[in-house]
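Novice: Structure in structure tokens, see below.
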Amino acid sequence: ESVQNSQTNVMLHTKLNDTSMEYVSSKTINKVIQVHDQIFCCIAGSLADAQAVTKAAKSHLSFHSVQMESPPLVIAAASVLKELCYKNKEELQAGFITAGWDRKKGPQVYVVSLGGMLISQSVTIGGSGSTFIYGYVDAKYKPDMTREECQQFATNALALAMGRDNVSGGVVHLVVITEKGVEHVVVPGDKLPRFHDE
Amino acid sequence: MLGEAEPQWLSEEVKTGTTIIAIEFNGGVVLGSDSRVSAGESVVNRVMNKLSPLHDKIYCALSGSAADAQTIAEVVNYQLDVHSMEIGEDPKVRSAATLVRNISYKYKEEMSAHLIVAGWDRKDGGQVFATLKGLLTRQPFAVGGSGSSYVYGFVDAEYRKGMSKEESQQFVVNTLALAMNRDGSSGGVAYLVTIDKHGTEEKVILGNDLPTFFDQ
């Protein structure tokens with residue numbers, strides 16, 4: 001069954017100061033896929049297409065990292081996804097947010113859109129619930145936040161989107177990727193921030 | 001040149017794509033709107049005031065089809081004039097909203113316009129009513145138009161009960177600026193109307209005086 005952007009999928013990725021980065025997913029189906037040790041990928045669009053593409057990308061990346069004898073760059077991961085999306089743009093309907101840490105440029109976020117465009121952004125959102133929080137993210141994001149500020153910002157944004165999008169909800173998954181490694185934080189529904197009408 | 005083709009926008013429906021917002025504060029209401037009117041992909045008016053008076057202290061904010069919205073506002077303006085002469089005093093905001101709702105509901109298949117009605121009356125003070133698709137509901141604040149989707153998160157997070165007049169005006173301006181930045185059908189300048197027991201004040205905020213955000 002191909003589900004188009006109606007999954008409970010709100011993803012938010014923000015870039016912190018130089019040593020850490022954060023990536024958030026809120027949903028019931030796992031749309032956060034690890035493509036390498038310190039590189040994660042979040043999918044939107046047709047789930048089947050996205051899963052097939054990330055599977056191909058994952059194996060491509062692991063071969064690439066063996067050849068290079070070092071972990072792949074985040075932009076390499078994003079480029080692999082982009083190539084697949086662009087070359088097969090007629091058949092595929094999937095978009096990605098790729099985020100991670102590498103030794104060359106530190107924390108980075110890349111967006112690969114439906115047709116195969118690849119751009120780098122400091123903060124990005126996607127999924128059906130994301131339309132409701134463009135204003136909030138534009139207003140509240142500041143560059144160079146601390147890790148705690150960033151986690152709070154992401155949790156707030158997700159809680160707001162979940163409050164308005166009828167197909168988003170449940171639990172918030174945060175994946176924090178830093179130079180030191182990866183940490184998975186889960187915020188259950190009852191611990192989410194509340195706003196004026198709740 | 002033989003048979004020059006007519007530009008496409010001449011045959012497109014004219015819509016006020018829009019972002020509109022109204023909020024109640026302690027003692028009155030603030031209404032805000034953008035100023036863009038589009039026909040397909042063309043902007044046919046970049047300075048339209050979408051805040052239309054229904055009575056001295058009752059305004060409405062227009063969105064959806066430009067023709068439908070304007071017509072509803074004009075008809076209700078007339079009906080309220082008659083009504084206020086009949087009762088011999090200023091009409092209630094709820095009366096104005098009810099008149100708008102009656103038209104929206106009766107013609108809901110033929111028309112596509114959403115009006116937010118807001119104003120001040122002596123009985124209940126400042127009030128905001130939403131009349132989307134023919135319902136009538138009083139709310140502390142209401143947003144509407146195509147640009148409103150992008151700012152639901154922001155208004156949910158930032159709204160607090162009992163804001164002052166200046167805080168409410170700032171809230172409206174910030175919300176409009178954010179929506180105008182993201183929505184292709186909203187833009188131009190921001191119009192503000194503040195209504196309280198002392199009177200009605202109209203203000204325009206030009207593009208470069210609007211608040212900017214981290215990526216601008």
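The values are calculated or read from the model by the stated rules, or taken from the named source; none is laboratory data. Values in this document were obtained by computation on a predicted structure and should not be read as measured data. Counting neighbours? That spans all protein chains shown, and the Cβs are built from the backbone with ideal geometry, glycine included. With ligands, DNA and RNA removed, areas are computed over all heavy atoms of the protein, side chains included. Shrake-Rupley method; radii C 1.70, N 1.55, O 1.52, S 1.80 Å.
Novice: Please enumerate, by chain and number, the aspartates and glutamates with C-alpha under 20 Å from the C-alpha of B:K123, excluding those fewer than 8 residues away in the same chain.
Specialist: Within the straight-line limit of under 20 Å, B:K123 reaches these aspartates and glutamates: B:E24, B:D56, B:D81, B:E86, B:E89, B:D90, B:D196.
Novice: With θ set to phi - 60° and the Karplus curve 6.51 cos²θ - 1.76 cosθ + 1.60, what are the ³J(HN,Hα) couplings of the stretch A:143-150 in order, to the nearest whole Hz, using x for Gly and Pro?
Specialist: x, 6, 7, 7, 4, 5, 4, 5
Novice: Here's another thing I want to ask about it. For the protein assembly as shown, taking Cα atoms only, what is the radius of gyration to one decimal and the Dmax to the nearest whole Å?
Specialist: Looking at the protein assembly as shown, its Cα Rg and Dmax stand at 24.4, 87 Å.
Novice: Filter A:K55/A:K180; B:K50/B:K197; B:K108/B:K197; A:K142/A:K191 down to the pairs with a C-alpha to C-alpha distance above 30 Å, please. List each step's numbers first, then the result.
Specialist: Working: A:K55/A:K180 25 Å; B:K50/B:K197 23 Å; B:K108/B:K197 34 Å; A:K142/A:K191 24 Å.
Correct reply: B:K108/B:K197.
Novice: Under 1.5 on a/c is rounded, so check that first for chain B, then, if it is not, pick prolate when a/b is larger than b/c and oblate when it is not; a ≥ b ≥ c are the square roots of the alpha carbon gyration tensor eigenvalues.
Specialist: Details: a/c = 1.99, a/b = 1.22, b/c = 1.63.
It is oblate, given that a/c is not under 1.5 and a/b is not larger than b/c.
Novice: Averaged per residue, what accessible surface does the stretch A:10-191 expose to a 1.4 Å probe, in Å²?
Specialist: Numbers: 8060 Å² over 182 residues.
Accessible area per residue, the stretch A:10-191: 44 Å².
Novice: How far, in nm, would the chain grow between B:V82 and B:E166 when pulled straight, counting 0.36 nm per residue and subtracting the alpha carbon separation? Display every interim value, and only then the final one.
Specialist: Values: separation 84, 0.36 × 84 = 30.24 nm, distance 3.41 nm.
Gain on stretching B:V82 to B:E166: 26.8 nm.
Novice: When the dipole is taken about the Cα centre of the stretch A:112-198, and only Lys, Arg (+1) and Asp, Glu (-1) are charged at their Cβ, what size is it in debye, to the nearest 20? Provide the component values of the computation, followed by the final result.
Specialist: Values: 7 positive and 10 negative charges, 11 e Å.
Roughly 60 debye, rounded to the nearest 20.
Novice: Given axes a ≥ b ≥ c from the Cα gyration tensor, I'd like to know whether the stretch A:10-191 is rounded (a/c under 1.5), prolate (a/b larger than b/c) or oblate.
Specialist: Values: a/c = 1.76, a/b = 1.24, b/c = 1.42.
It comes out oblate by the Cα gyration axes.
Novice: Would you work out the charge dipole size for chain B about its Cα centre, treating the Cβ of every Lys and Arg as +1 and the Cβ of every Asp and Glu as -1, and quote it to the nearest 20 debye? Before the final figure, lay out each step's value.
Specialist: Numbers: 20 positive and 28 negative charges, 138 e Å.
The dipole of chain B has a size of about 660 debye.
Novice: FRET efficiency for A:K89 and B:R122, Cβ-Cβ distance as r, R0 = 51 Å, nearest 0.05? Could you put the intermediate results ahead of the total?
Specialist: Details: r = 62 Å, r/R0 = 1.22.
With R0 = 51 Å, the Cβ-Cβ based efficiency is 0.25.
Novice: With a ≥ b ≥ c the root eigenvalues of the C-alpha gyration tensor of the stretch B:93-192, is it rounded (a/c under 1.5), prolate (a/b larger than b/c) or oblate?
Specialist: Values: a/c = 2.16, a/b = 1.18, b/c = 1.82.
Here the stretch B:93-192 falls in the oblate category.
Novice: Given a cut-off of under 8 Å on Cα pairs at least six residues apart, what relative contact order in percent is computed for the stretch B:59-126?
Specialist: Numbers: 67 pairs, mean separation 33.5, N = 68.
With pairs under 8 Å counted, the relative contact order is 49 percent.
Novice: Moving to a separate point now. Please compute the net charge surrounding B:A113, taking Lys and Arg as +1 and Asp and Glu as -1 over other residues with Cβ under 15 Å from its Cβ.
Specialist: Details: positive: B:K15, B:K50, B:R101, B:K106, B:K108, B:K133; negative: B:E13, B:D68, B:E74, B:E109, B:E110.
Value of the local net charge: +1.
Novice: If you don't mind, another one. Treating cross-link reach as a plain straight distance, find the aspartates and glutamates whose alpha-carbon is under 19 Å from the alpha-carbon of A:K104, omitting any fewer than eight places away in the same chain.
Specialist: Counting by Cα, and skipping residues close in sequence, A:K104 has these aspartates and glutamates nearby: A:D18, A:E22, A:D37, A:E69, A:D144, A:E179.
Novice: Set the Förster radius R0 to 22 Å, insert the Cβ-Cβ distance between A:R164 and B:Y107 as r into 1/(1 + (r/R0)^6), and round the FRET efficiency to 0.05.
Specialist: Working: r = 28 Å, r/R0 = 1.29.
Here the calculated transfer efficiency is 0.20.
Novice: If you put +1 on each Lys and Arg Cβ and -1 on each Asp and Glu Cβ, how big is the dipole of the stretch A:10-191 around its Cα centre, in Debye rounded to 20? All intermediate terms of the calculation are to be shown ahead of the outcome.
Specialist: Values: 17 positive and 17 negative charges, 25 e Å.
It comes to approximately 120 debye.
Novice: Given A:A139, B:T137, B:P211, which one lies farthest toward the positive end of the charge dipole of the protein assembly as shown, if we put +1 on the Cβ of every Lys and Arg and -1 on the Cβ of every Asp and Glu?
Specialist: My answer, from the dipole projection, is A:A139.
Novice: While we're on this one: For peptide A:156-163, how many partner chain Cβ atoms fall within 10 Å of a residue's Cβ, on average?
Specialist: Numbers: counts 3, 3, 1, 3, 6, 3, 1, 4.
If you average over the peptide's residues, the count of other-chain Cβ atoms is 3.
Novice: Work out the FRET efficiency for A:R103 and B:E89 from their Cβ-Cβ distance, taking R0 = 51 Å, and round it to the nearest 0.05. Can you show the working numbers first?
Specialist: Numbers: r = 75 Å, r/R0 = 1.47.
The value I calculate is 0.10.
Novice: Using the charge dipole of the stretch B:19-209 (Lys, Arg: +1 at Cβ; Asp, Glu: -1 at Cβ; taken about the Cα centre), state which of B:G162, B:S84, B:L62 has its Cα farthest towards the positive end.
Specialist: B:G162
Novice: Note down the nm distance, to one decimal, between modelled labels 7 Å out along Cα→Cβ at A:Q121 and at B:N26.
Specialist: Using points 7 Å along Cα→Cβ, the separation is 3.9 nm.
Novice: At a 1.4 Å probe radius, which order do B:E110, A:E149, A:E90 fall into by accessible area, largest first?
Specialist: On the way: B:E110 130, A:E149 80, A:E90 155 Å².
From most exposed to least exposed: A:E90, B:E110, A:E149.
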